Amino acid sequence: MRKKEKELTNREIDVLKLLVLGYNNKEIADKLCITHHTVKAHLTQVYKKLGVKNRSKAIVKVNEDKLFFV
């Protein structure tokens, strides 16, 4: 897989930052003015790109790898 394919989009980063801050899907959707279905779609891609299966593992991955500061 090429490196570019694993990079998160700006919107995926926005969703992931809010996830790390403890927001649930509805709160993320409200904050970003998108539907909860769109949040789920973004999170599916985030999990795939990070190589994790769920939100708690995504949070651990962000913290362990110091992917960004929120």
Which percent of the accessible area of the chain is formed by carbon and sulfur heavy atoms (probe 1.4 angstrom)? 54
So for each of 59-65, 46-52 I average, over its residues, the number of other beta carbons within 10 Å; can you give me the resulting order with the highest mean first? 46-52, 59-65
Which order do you get for His36, His42 if you rank them by accessible area with a 1.4 Å probe, largest at the top? His36, His42
Could you give the accessible area per residue of the chain, probe 1.4 Å, as a whole number in Å²? 71
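The values are calculated or read from the model by the stated rules, or taken from the named source; none is laboratory data. A quick note: this is a predicted structure, and the numbers were derived from the prediction, not measured. A quick note on method: Cβ atoms are made from the backbone with ideal geometry, for glycine too, and the neighbour counts reach across all protein chains shown. All accessible areas refer to the heavy atoms of the entire protein, side chains included, with ligands and DNA or RNA removed. Shrake-Rupley method; radii C 1.70, N 1.55, O 1.52, S 1.80 Å.
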